[in-house]
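Some notes on the structure that comes next.
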Amino acid sequence: MTLKNSSAAVADTHGEVVPMSRTEHDRMANAIRALAMDAVEQAKSGHPGLPMGAADIATVLFTQFLKYDIADTKWPDRDRFVLSAGHGSMLIYSVLHLLGSEAVTIEQLKNFRKLGSITAGHPENFVTPGVETTTGPLGQGIGNAVGMAIAERHLNAEFGNDIVDHHTYTLCSDGDLMEGISQEAIALAGHLKLNKLIVLFDDNGISIDGPLSLSDSVDQVKRFEAAGWNASRIDGHDPQAIAAAITKAKSSDKPTMIACKTTIGYGAPTKAGKSSSHGSPLGADEIKGAREKLGWNEPPFQIPADILTMWRAAGQRAKAAHKEWDKRVAAMPADKRADFERRMRGDLPGTLNTAIRQVKETLAKEPKEIATRIACEFALESLIPAVPEMVGGSADLTGSNNTRTKSMKAMSAADYSGRFIHYGIREHGMAAAMNGMTLHGGIIPYSGTFLVFADYCRPSIRLAALMGERVIHVMTHDSIGLGEDGPTHQPVETLASLRAIPNLNVFRPCDAVETVECWQLALEGRETPSVLALTRQNLPQLRRNLDERNKCAAGAYEISPASVAAQVSIFATGSEVSLAVEAQKLLAAKGVAARVVSVPCFELFLNAPEAARKAVIGDAPVKVGVEAAVRQGWDAIIGSDGAFVGMTGFGASAPYKDLYNHFGITAEKVAEAALSKLGKR
Ligand SMILES: Cc1ncc(C[n+]2csc(CCOP(=O)(O)OP(=O)(O)O)c2C)c(N)n1
């Protein structure tokens with residue numbers, strides 16, 4: 001593509017690039033600037049600086065490059081655009097409106113940041129059609145974009161160029177690149193040579209506190225190059241330079257970062273280039289001055305018809321490509337097509353239930369005394385062939401997490417078809433990339449790390465929960481039961497802190513059968529992320545009879561009934577369930593009838609109808625909770641007068657059986673706690 005001097009370019013409705021004058025480009029970009037400053041002014045809050053500064057980049061990208069059909073924002077082969085700097089949300093809302101989004105109307109822009117509008121303070125993918133992911137916590141967007149680019153390459157390897165062949169673009173600010181997560185994301189993308197990933201860095205040198213020189217002196221171009229990227233610096237207000245850099249990036253064999261030098265708040269007479277334009281309304285006088293400077297004479301929220309026409313044409317530019325793609329999908333072999341479409345819808349294959357049943361049958365025939373992490377691998381041996389969209393991984397703990405089955409090939413730059421990702425020691429980058437893969441569609445990602453490192457993933461897990469994304473985190477070594485590695489590695493508060501996240505299912509299975517049931521629930525949790533907390537140490541198989549029902553689906557159930565009316569109910573999770581069953585025997589020997597309830601998932605249990613919950617909690621006068629973790633959260637089950645056997649502080653380094661004795665988490669102590677509540681001690 002060659003551009004005439006002093007002209008930019010815009011695509012016609014057939015997707016071809018035709019010359020556009022610089023004046024036309026400027027007016028199109030100014031439409032974004034005007035909408036952003038007017039909407040922020042009307043809302044009396046928001047961030048005008050970024051949209052005004054990055055308007056030229058967005059105009060070039062959306063009018064010349066983005067393969068996008070505004071009429072079908074879910075088209076699977078569209079290019080993805082991630083506004084990593086979510087505070088600049090008015091950029092994406094303005095663009096969606098200008099492109100012709102039916103949802104993002106001018107009324108919505110006028111209601112920016114108001115209750116019930118689809119133009120929230122930060123972009124939310126579950127609220128605004130056309131927004132690919134929820135951003136705002138800086139650095140998450142670039143992490144998601146890496147996941148989307150991984151998903152694209154993986155599905156391309158499976159379904160071919162005709163069906164999956166698109167780019168992922170992300171606009172990042174200084175803040176995105178200062179966040180630690182960006183390093184993990186960049187390093188992973190460079191290593192995997194994700195050449196269809198293009199980062200547009202809004203290099204304006206300004207953050208909230210003032211000039212970046214207050215806190216940063218990184219050479220971002222060198223940094224990206226060191227991570228295996230192409231990187232260059234351009235004038236972010238020169239449409240030709242932007243177009244040339246993107247064109248070059250598209251033919252690169254590496255991911256590309258384009259540092260676009262921009263002026264924050266471009267056009268504002270006194271605030272441009274200053275942090276004062278970052279995050280507050282410009283004010284009436286400044287806006288008046290900006291209109292004059294930009295030569296924009298329209299009243300607020302009005303776009304001249306010719307500019308709107310050009311923008312609307314850009315919204316249609318990939319329509320023909322979309323139609324061609326539809327034809328290619330229609331021509332696919334029926335089974336391949338059905339598989340592709342099923343995966344993109346997020347439906348599970350019918351083979352899943354067969355696989356689950358097989359695993360349960362095997363376990364009923366040959367019970368296994370194994371750690372739940374080993375049970376996980378055992379389940380995965382059947383699940384991986386049955387559910388082709390599962391893509392696993394580990395943050396450098398593959399052998400400990402047991403997330404890789406024997407047949408799984410590693411994904412690499414040389415072969416993206418591999419279904420196991422060596423994420424490296426990058427838990428946060430892993431969790432953000434998994435969110436991106438799920439958002440892309442066609443993949444169910446699962447991870448591996450130690451439970452205690454959930455904290456390193458937490459911001460991304462929280463966003464997965466907010467967005468309602470099916471990502472599955474396998475987190476092993478889930479208590480003091482990991483033993484000698486000691487308190488740095490022994491989670492005590494982690495389960496409680498994860499349970500505090502709304503819409504996150506935290507599973508802690510007690511044996512091999514519960515492990516496969518929890519896997520099934522995690523896979524079926526279409527709009528809910530899951531954590532599977534698994535043990536390092538072996539556990540007996542308590543569930544010995546084949547039961548086709550998924551008992552864990554209730555969140556809690558009676559695993560060992562009392563022989564007569566129970567005086568004591570013992571509630572436990574994971575490794576402590578077998579200990580509770582031992583305590584039940586000790587109590588029986590003392591003439592006290594107890595029942596044991598396994599609680600593999602608090603969230604499912606606490607969300608169950610009240611009658612079901614009451615039935616499981618039962619009416620035994622004494623309730624005891626057992627979990628090798630802190631009590632927080634348990635009162636919802638055992639009540640504030642219930643007894644709790646668990647941890648009150650950090651663990652220690654020793655063989656695990658010694659630790660259970662040392663911290664008093666034993667069958668004897670559980671029995672003692674029950675007897676004491678009964679007044680028998
Ligand atoms: C993780 C995280 N920390 C802090 C913030 C609050 N915050 C919003 S924007 C911003 C930095 C603004 O600088 P920059 O990223 O360069 O954006 P620009 O000023 O160019 O709009 C900060 C600290 C955030 N959104 N996310």
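Screening S252 on (1) more than 16 Å from the ligand (Cβ to nearest atom); (2) within 21 Å of V82 (Cα to Cα); (3) in a helix (DSSP H, G or I); (4) open to solvent by less than 60 Å² (accessible area, probe 1.4 Å) shows it passes everything except condition (3). Total residues in the stretch 416-444 satisfying the condition of being under 17 Å from R470 (Cα atoms) and assigned to a strand (DSSP E or B): the figure is 1.
Select from the stretch 398-411 the residues that are open to solvent by less than 40 Å² (accessible area, probe 1.4 Å) and either closer than 24 Å to D347 by Cβ or in contact with a Gly (Cβ under 6 Å, 6 or more places away or on another chain) (or both) and list them in ascending order.
Of the residues in the stretch 398-411, the ones open to solvent by less than 40 Å² (accessible area, probe 1.4 Å) are 398, 400-403, 405, 408, 410-411.
Across the stretch 398-411, the qualifying residues are N401, T403, T405, M408, A410, M411.
When the residues of the stretch 43-59 are filtered to those that are on the phi < 0 side of the Ramachandran plot and surrounded by fewer than 24 Cβ atoms within 10 Å (Cβ to Cβ), which remaining residue is farthest from the ligand (Cβ to nearest atom)? Full working, then the answer.
First pass over the stretch 43-59, keeping only residues on the phi < 0 side of the Ramachandran plot: 43, 45, 47-59.
Retained after the next criterion (residues that are surrounded by fewer than 24 Cβ atoms within 10 Å (Cβ to Cβ)): 43, 45.
Numbers: A43: 16, S45: 13 Å.
Only one residue fits best here, namely A43.
Tell me, yes or no, whether the stretch 63-86 has at least one residue that is open to solvent by 20 Å² or more (accessible area, probe 1.4 Å), among the hydroxyl-bearing types (S, T, Y), away from the ligand (no atom under 16 Å from the Cβ) and in contact with a Gly (Cβ under 8 Å, 6 or more places away or on another chain). Scanning the stretch 63-86 turns up at least one residue that is open to solvent by 20 Å² or more (accessible area, probe 1.4 Å), among the hydroxyl-bearing types (S, T, Y), away from the ligand (no atom under 16 Å from the Cβ) and in contact with a Gly (Cβ under 8 Å, 6 or more places away or on another chain). Looking at A330, A355 in this structure, which one is aliphatic (A, V, I, L, M), modelled with pLDDT of 95 or more and farther than 30 Å from T449 by Cα? Every option except A330 fails the conditions. Which of (1) within 16 Å of the ligand (Cβ to nearest atom); (2) in contact with a Lys or Arg (Cβ under 9 Å, 6 or more places away or on another chain) does P304 not meet, given it meets every other one? So P304 meets the others, but not (1). Listed by first and then second residue, the pairs with beta-carbon distance under 6 Å, at least 6 apart or on different chains, first residue in the stretch 591-602 and closer than 19 Å to L504 by Cα, second open to solvent by less than 10 Å² (accessible area, probe 1.4 Å) and assigned to a strand (DSSP E or B), are V599/F571; P600/F507; C601/F507.
The number of residues in the stretch 312-328 that are crowded, with 17+ Cβ neighbours inside 10 Å and either within 29 Å of the chain's Cα centre (by Cα) or at positive phi (or both) comes to 4. Can we say A259 is within 16 Å of the ligand (Cβ to nearest atom), assigned to a strand (DSSP E or B) and either in contact with a helix residue (DSSP H, G or I) (Cβ under 7 Å, 6 or more places away or on another chain) or touching a residue at least 60 places away in the same chain (Cβ under 8 Å) (or both)? Spelling it out, A259 is indeed within 16 Å of the ligand (Cβ to nearest atom), assigned to a strand (DSSP E or B) and either in contact with a helix residue (DSSP H, G or I) (Cβ under 7 Å, 6 or more places away or on another chain) or touching a residue at least 60 places away in the same chain (Cβ under 8 Å) (or both). Suppose we filter the stretch 99-158 for residues that are small (G, A, S), within 16 Å of the ligand (Cβ to nearest atom) and part of a loop (DSSP other than H, G, I, E, B); how many remain? The total comes to 4.
Within the stretch 96-112, the set of residues being under 13 Å from G315 (Cβ atoms), polar (S, T, N, Q) and without any contact (Cβ under 8 Å) to a residue 60 or more places away in the chain is empty. Residue count for the stretch 464-489, restricted to those that are part of a helix (DSSP H, G or I), surrounded by 23 or more Cβ atoms within 10 Å (Cβ to Cβ) and within 10 Å of the chain's Cα centre (by Cα): 1.
Of the residues that sit in the stretch 267-301 and are among the hydrophobic types (A, V, I, L, M, F, W, C) and within 15 Å of the ligand (Cβ to nearest atom), which one is nearest to I234 (Cα to Cα)?
Within the stretch 267-301, the first condition is being among the hydrophobic types (A, V, I, L, M, F, W, C), and the residues that meet it are 268, 272, 282, 284, 287, 290, 294, 296, 301.
Retained after the next criterion (residues that are within 15 Å of the ligand (Cβ to nearest atom)): 268, 272, 282.
On the way: A268: 22, A272: 19, L282: 27 Å.
Among residues in the stretch 267-301 that are among the hydrophobic types (A, V, I, L, M, F, W, C) and within 15 Å of the ligand (Cβ to nearest atom), the one nearest to I234 (Cα to Cα) is A272.
The C-beta contact set for the stretch 46-71 (first residue of a type in the set (S, T, Y), second residue in a helix (DSSP H, G or I) and within 16 Å of the ligand (Cβ to nearest atom), distance under 8 angstrom, 6+ apart or interchain) comprises T59/I32.
For the stretch 192-205, the set of residues classified as open to solvent by 10 Å² or more (accessible area, probe 1.4 Å) and within 11 Å of the ligand (Cβ to nearest atom) consists of D203, N204, G205, listed by residue number. Here I264 meets each of (1) under 22 Å from D56 (Cβ atoms); (2) within 13 Å of the ligand (Cβ to nearest atom); (3) in a loop (DSSP other than H, G, I, E, B); (4) open to solvent by 10 Å² or more (accessible area, probe 1.4 Å) with one exception, condition (4). Under the condition of being closer than 20 Å to M148 by Cβ, hydrophobic (A, V, I, L, M, F, W, C) and open to solvent by 30 Å² or more (accessible area, probe 1.4 Å), the residues counted in the stretch 412-436 number 1. Scan the stretch 362-380 for residues that are surrounded by 18 or more Cβ atoms within 10 Å (Cβ to Cβ) and assigned to a helix (DSSP H, G or I) and the total you get is 10. Considering only residues in the stretch 435-486 that are within 16 Å of the ligand (Cβ to nearest atom) and out of contact with any helix residue (DSSP H, G or I) (no Cβ under 9 Å at 6 or more places or on another chain), the one that is nearest to V127 (Cα to Cα) turns out to be L466. Among the residues that make up the stretch 221-241, is at least one of them open to solvent by 30 Å² or more (accessible area, probe 1.4 Å) and within 16 Å of the ligand (Cβ to nearest atom)? So far as the stretch 221-241 goes, yes, one or more of its residues are open to solvent by 30 Å² or more (accessible area, probe 1.4 Å) and within 16 Å of the ligand (Cβ to nearest atom). Going through the stretch 544-576 one residue at a time, which ones are open to solvent by less than 20 Å² (accessible area, probe 1.4 Å) and part of a loop (DSSP other than H, G, I, E, B)? Within the stretch 544-576, G555, A556, T573, G574, S575 meet the criteria. Listed by position, the helices (runs of 4 or more DSSP H) inside the stretch 595-656 whose residues that are farther than 13 Å from A572 by Cα number at least 3 are 602-606, 610-617.
In this structure, is V622 modelled with pLDDT of 95 or more, surrounded by 15 or more Cβ atoms within 10 Å (Cβ to Cβ) and closer than 30 Å to E484 by Cα?
The answer is no for V622.
Every test in (1) surrounded by 22 or more Cβ atoms within 10 Å (Cβ to Cβ); (2) within 16 Å of the ligand (Cβ to nearest atom); (3) part of a helix (DSSP H, G or I) is passed by A189 save one, and that test is (2).
Which one is farthest from Y169 (Cα to Cα), of the residues in the stretch 279-290 that are in contact (Cβ under 8 Å) with a residue 12 or more places away in the chain and open to solvent by 30 Å² or more (accessible area, probe 1.4 Å)?
From the stretch 279-290, those in contact (Cβ under 8 Å) with a residue 12 or more places away in the chain are 279-284, 286-287, 289-290; that's our starting set.
Now restrict to residues that are open to solvent by 30 Å² or more (accessible area, probe 1.4 Å): 279-281, 284.
Numbers: G279: 24, S280: 27, P281: 28, A284: 34 Å.
Ranking the candidates gives A284 first.
The values are calculated or read from the model by the stated rules, or taken from the named source; none is laboratory data. Keep in mind that what you see is a predicted model, and the values were worked out from it rather than measured. Here Cβ is always computed from backbone atoms with ideal geometry, including for glycine, and neighbour counts include all displayed protein chains. Please note that ligands, DNA and RNA were not included when accessible areas were found on the heavy atoms of the full protein model with its side chains. Shrake-Rupley method; radii C 1.70, N 1.55, O 1.52, S 1.80 Å.
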